[in-house]
Every structure is written in structure tokens, then in C-alpha cells.
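The values are calculated or read from the model by the stated rules, or taken from the named source; none is laboratory data. Nothing here was measured: the structure is a model prediction, and the numbers come from that model. Using ideal geometry, Cβ is built from the backbone for each residue, glycine included, and neighbour counts are taken over all protein chains shown. Heavy atoms of the whole protein, side chains included, go into the accessibility calculation; ligands, DNA and RNA do not. Shrake-Rupley method; radii C 1.70, N 1.55, O 1.52, S 1.80 Å.
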Amino acid sequence: MTFAMLRASFTSLNSVQQWGFGSVSPAHATQLMHANVQPHVLDMRMIESVNNSIRHLSPTEIRSKMKRRSLRRVSIKPSSGVANDMHSGSDWDKAEFVLEELRRQCDTPADLLYRLVEDMVEEMKAGLAKEGGSKDYKMILTYVDKLPSGKERGHFYALDLGGTNFRVLRVSFGQDGSTPVFQEVSIPQEIMLGQHEELFDYIAGKLAEFVSKEDSSYHPRPGCKRELGFTFSFPIKQTSIDSGELIKWTKGFAVEGTAGKDVVQALNEAMERRGLDMVVTALVNDTVGTLAVASLAASKADAGDEVMISVILGTGTNACYVESIDAIPKWKGPKPSSGNMIISMEWGGFSSSLLPRTQYDEALDAVSVNPGEQIFEKLLSGMYLGDIVRRVLLRLAEEAALFGPSVPPNLLIPCILGTPHVSCMHQDKSSDLQEVGRILSNVLGIHETSLELRKLVVEVCSIIAKRAARLAGAGIVGILRKIGRDRSKHDGSSSHRTVVAMDGGLYEHYPLFRAEMKAAVVELLGSEVAENVLIELSKDGSGIGAALLAAAHSKYSRYGW
Ligand code: BGC
């Protein structure tokens with residue numbers, strides 16, 4: 001594959017939803033796979049590294065380069081007969097060794113997780129003590145100090161930006177039966193990697209298109225503007241409910257000139273340039289929107305459950321939780337009447353040396369857009385799991401000739417294997433692992449695989465997913481410990497059940513991942529305490545929650561908090 005072809009295929013990828021890590025269904029994912037389109041997020045640094053290595057080569061030269069690579073593998077017996085029969089040409093002992101090493105390095109026994117939980121709690125405290133107090137957690141003050149009351153009324157908008165697509169939505173509160181109106185827009189790659197103003201102009205343009213289709217019943221009253229909740233799912237330093245500066249991009253974004261700027265001001269100015277009668281009234285992280293929506297649902301259900309934590313496990317990962325204001329020394333403002341504030345941890349930045357990292361993780365990190373950063377995120381979020389698995393398979397191909405005498409060229413392509421593929425392979429229930437065979441063939445160009453080989457691939461997926469899920473479970477237990485909800489009721493902690501609201505494609509579309517994560521939480525808490533912790537999917541909160549918070553902070557509505 002030439003670089004031009006590679007680039008073209010990645011460009012076409014950018015226009016498709018990331019399955020499960022945006023919101024494309026498994027069925028759609030399968031269609032994409034059959035069309036040989038890999039629905040994953042791109043990482044330009046990785047693509048650039050491929051670019052650099054093959055940029056000037058013709059297809060013949062690339063093939064010969066790959067052949068030379070395979071010839072360097074001295075320990076591999078020549079294959080006879082079927083190229084992919086691991087018993088004929090593959091070094092099975094070597095494959096076993098690589099797999100055993102992987103199992104060992106990715107192992108997450110309870111005692112390790114407990115130690116990680118302790119580290120997490122220490123970092124949380126340090127991040128709450130002062131700005132920049134933790135090397136890992138930003139512990140962002142969100143300025144959300146009350147959760148929605150359910151009394152919000154009127155039409156509100158949300159802009160949900162956090163991945164390769166963004167969503168615009170309108171929600172009408174207080175009208176029974178009204179459903180939110182959504183529009184999903186993909187962000188062209190050149191915008192994701194372009195200039196600050198271009199990004200905001202592009203978004204404002206799409207917002208203008210959205211409202212131009214509305215009938216007059218949605219037009220704002222004279223003297224008023226449409227009000228927008230802006231879900232901006234990147235680390236920011238929030239300075240009020242409607243202002244905040246980008247600290248750094250994550251998830252493959254690298255827009256120049258945004259870091260250090262107020263993203264609300266940037267959007268408001270872009271909307272003005274478009275002549276759009278809209279203003280941002282709330283800036284929220286996706287975890288905060290999710291917590292707001294889940295909390296409203298719980299208060300309506302009136303079962304006495306308290307939504308204290310929300311976690312996103314999707315392309316990226318993060319958690320927020322309800323913290324007592326007295327436990328936030330860095331908060332210098334007046335004490336909110338609720339006595340609480342939601343803290344967005346940016347837990348993807350956790351980087352304890354105890355984290356079970358491998359050579360594959362280190363190599364992935366080294367070519368990412370943000371080397372040395374978001375270490376926890378790189379071990380467990382949807383953007384990365386697929387590429388970790390690819391890297392293990394590549395080593396098995398190079399050192400154990402697992403897929404025949406030469407390394408399958410597609411295995412050398414960064415990010416070609418997405419987390420959706422890992423999930424499909426891991427959860428393949430057919431006796432002959434058909435789905436695994438299909439993905440190996442359609443995505444990696446590895447045809448006619450034996451059942452043993454497919455099993456081994458499933459094992460690799462399982463090891464990587466299990467490590468990720470157990471680390472996520474430890475993260476949740478860390479927060480529960482910080483807020484004293486990791487103990488049984490006898491010791492004076494709240495008698496309400498604690499709800500952890502979950503969203504994100506990785507959690508939603510990967511049942512085995514979910515099961516591992518919950519099992520880890522139960523293992524760490526013990527079953528008695530775990531019975532009072534409900535880990536629940538709370539869908540679409542990131543957008544609707546932002547609209548709710550915009551309503552709650554409305555400049556015009558007499559309702560609110
Ligand atoms: C971002 C967070 C976000 C999370 C989930 C991370 O990469 O830094 O702000 O909440 O992804 O979308």
C-alpha cells in the first residue's frame with residue numbers, strides 16, 4: 001500500500017463514525033469491516049511515522065522492504081504447505097513465550113489494584129490542595145455546584161465536541177414527550193489538525209445550518225439569544241460556569257493556537273462572525289453532562305439513590321464526582337449552598353509507576369501526538385486498545401512467524417485494528433471463531449487462519465481488555481474511597497446507594513469489558529459494600545446534560561437553581 005493509498009483510506013475513515021467510540025452500531029461496524037474500512041480514530045503522529053518510513057518508496061520497494069524484514073527473523077523455521085498453519089512454519093514456543101510474557105506484564109492482581117487505589121487517592125488529594133498540586137490529576141473545578149432540579153423550562157441547545165464527530169442538539173425542557181433533536185457532524189481531518197479559528201468557524205457554521213432549519217416557534221424572544229451548553233471534552237482550566245481555557249488537546253486533536261485560550265470566548269466570537277443569535281451559558285465536560293442527566297433521572301425515580309460519580313469510557317476516558325467543598329482547599333470562592341462541587345478529574349493523566357505497562361504501550365506512547373501524557377488513558381480507552389493488540393500481533397508475526405513466513409503488510413499499519421475489532425474478536429461465540437477469521441482476513445489481510453491461531457488472537461484481545469477493564473474498576477474504587485463510599489454502612493457513611501453513571505462506546509458495546517470491570521469493583525470492595533454501588537449506563541448525557549446545565553444557568557429563564 002502506498003502512502004497515498006494509506007492516507008486516502010485514513011481520510012475516508014475520518015468521515016465515518018468511530019464504532020462504539022462515537023456511536024456507530026455493531027452492525028454498522030461489521031458493514032464497515034466488510035467494506036474493508038476500519039472505523040477507528042486516527043493519530044497523525046502514527047500515520048506520519050508510516051509516512052516517513054515509506055514515503056519515497058514504490059509499491060515494489062515497499063514489498064521488498066517488508067520481505068527483508070521477514071528475512072531478518074532468524075529463529076523461524078521455513079513454512080511448508082499452508083502459509084498460516086502455525087504448526088508447519090511458526091515458532092510455537094516463541095509465540096507461547098510472547099503470550100506468557102504478556103499475561104505476566106498485564107496481570108492486575110487485587111494487591112496491585114489496591115496499591116494503585118492508594119496512589120489515586122493521594123493524587124486526588126494533592127490535586128484538590130492546589131492548582132497543579134498533582135502530577136497526574138488536574139482535579140478541575142467545574143463550577144457546577146448543584147445538580148438539575150427538573151424544573152428547567154424552554155428550548156436549549158448543546159454542542160458536544162469530544163471526538164472526530166461533534167453533535168448539535170436542541171432539547172425542549174418542560175414539554176412532555178418532546179424528544180431532543182440531534183445532528184451529527186464529522187470533523188474533517190484538516191480541521192482537527194488545523195488552526196484555531198478554522199475549527200471554531202467550522203463549528204459555528206454547522207450551528208448556523210442547524211438553526212436555519214428551525215421553524216419560528218424556536219426563534220428566541222426579542223432581546224434574547226438562543227442559549228447553548230458547550231460540552232468540550234478535553235482538559236480545560238475552568239474559570240467560571242461559562243469560561244475555561246484549553247490546557248492541552250487529547251484524543252488525536254492537534255489544533256494549533258487553542259491551548260491557553262478561552263474556548264467559550266472563541267465559540268461566542270465565531271458565532272458572532274456568523275451573525276448567529278446564540279450564546280454559550282455553560283461549559284461542561286462530557287463526564288459532567290453525564291452526571292447531571294443521571295442525577296436528574298435518579299431524582300425522578302425517587303429510589304434514594306445518589307449519583308456521585310460519572311465515568312466516560314469511549315475514545316478517551318475521564319471521571320468526575322461530587323466532592324465536598326470542604327475537601328477542596330484550592331477553591332477560594334464562596335461556599336456553595338449545596339456544600340459540594342463537581343470535580344472533573346481528567347483521570348486519563350494518571351501515570352503511577354505501578355501501572356502494568358508493556359513494551360507495546362511504550363512504543364504506542366512514543367509515536368502518539370502526546371508522548372508521556374495520558375498514560376492511564378492509553379492503557380484503557382477505545383482510541384488505543386486496538387493498536388496495542390496490533391502491536392502484540394506484529395511481534396508474534398515478526399518473532400514467531402505466526403501468520404506465515406512473512407509479516408502481513410497490514411499489521412505494520414498503525415491503528416488499522418480498532419478497538420471495535422478487538423471487541424468483536426474477543427466476543428466471538430462461534431465454535432470456529434468465524435468473526436475472528438473474518439477480521440483477520442478483511443482488516444489485516446491474513447487469510448485461511450487455523451482455529452489455534454484464532455484462539456491465540458482472542459487470548460491477546462482478552463489480556464489487553466481485561467487489564468483495561470480492571471484498571472477502570474480500580475479508578476472507580478479510588479473515587480469511592482476518596483468520598484468514603486467504599487465502606488459498609490455501619491461506619492456512618494451514607495445509607496443511600498451510590499450510583500456510578502457510565503457512558504462511552506467502550507463500556508456500552510463491549511459486554512465482556514463491562515463484566516470484567518464490575519468484577520474488579522466487587523473484588524476490591526467486597527460483595528457487601530459492592531451491593532450498594534450501582535454501576536449503570538447513562539446514555540447521551542454529555543449533550544443533553546450540557547443543555548440542562550445551560551437551562552439551569554439561563555440568563556433569561558426565571559427557572560434554574
Ligand atoms: C479528555 C476528557 C474527556 C475524556 C472522555 C479525555 O481524552 O481529556 O476531557 O472527558 O477524554 O471523552
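Odds and ends about this structure:
- In terms of the mean number of neighbouring beta-carbon atoms within 10 Å, the peptides 269-279, 341-351 order highest first as 341-351, 269-279.
- Taking the centroid of alpha carbons for each part, the range 394-444 and the range 166-210 are 36 Å apart.
- The range 273-319: C-alpha gyration tensor shape, a/c 1.5 cut-off, then a/b vs b/c: oblate
- Length released on extending from residue 300 to residue 359, taking residue separation times 0.36 nm less the Cα-Cα span: 16.4 nm
- In a fully extended conformation the segment linking residue 107 and residue 451 would gain 121.3 nm over its present Cα-Cα distance, using 0.36 nm per residue.
- Averaging 1/r over every pair of different alpha carbons in the range 256-352 and inverting the result gives a Kirkwood radius of 16.2 Å.
- Radius 13 Å from Cβ of residue 541, net charge of other residues (Lys, Arg +1; Asp, Glu -1): -4
- Packing-based ranking, highest mean first, of 419-427, 456-464, 517-525 given that Cβ atoms within 10 Å are counted: 419-427, 456-464, 517-525
- Shown for the range 412-561 is the translational diffusion coefficient from the Stokes-Einstein equation, using the Kirkwood radius over Cα pairs, a temperature of 25 °C and a viscosity of 0.890 mPa s: 133 µm²/s.
- Selection from 383, 408, 297, by position along the positive dipole direction of the range 266-417 (Cβ): 408
- Relative packing of peptides 379-389, 213-223 - highest average C-beta neighbours within 10 Å first: 379-389, 213-223
- Surrounding net charge for residue 182, when Lys and Arg each add one and Asp and Glu each subtract one, Cβ distance under 10 Å: -1
- Residue-wise HN-Hα coupling along the range 293-307, computed from phi with Karplus coefficients 6.51, -1.76, 1.60 (Hz; x: Gly, Pro): 5, 5, 5, 5, 4, 5, 5, 5, 5, 6, 9, x, 7, 10, 7
- Interchain or long-range residues, amide H under 5 Å from residue 499's placed H: 306, 307, 308, 309, 534
- The range 188-311 shape via C-alpha gyration tensor axes, a/c threshold 1.5: oblate
- FRET efficiency, residue 175 to residue 93 (Cβ-Cβ, R0 56 Å, nearest 0.05): 0.25
- Just so you know, the Cα atoms of the range 322-466 work out to an Rg and Dmax of 20.4, 69 Å.
- The length gained on full extension between residue 434 and residue 195, counted as 0.36 nm times the residue separation minus their Cα-Cα distance, comes to 81.6 nm.
- For residue 362, the shell of other residues with beta-carbons less than 12 Å away shows a net charge of +1, using +1 for Lys and Arg and -1 for Asp and Glu.
- Spherically averaged projected area in nm², based on the convex hull that wraps the Cα atoms of the range 101-243: 14.3 nm²
- Share of carbon and sulfur in the accessible heavy-atom surface of the range 440-540 [1.4 Å probe, %]: 46 percent
- Greater than 32 Å apart at Cα, pairs in 151/225; 151/518; 206/429; 146/251; 248/429: 151/518; 206/429; 248/429
- Computed from the Cβ-Cβ distance with R0 of 60 Å, the FRET efficiency linking residue 214 to residue 100 stands at 0.50.
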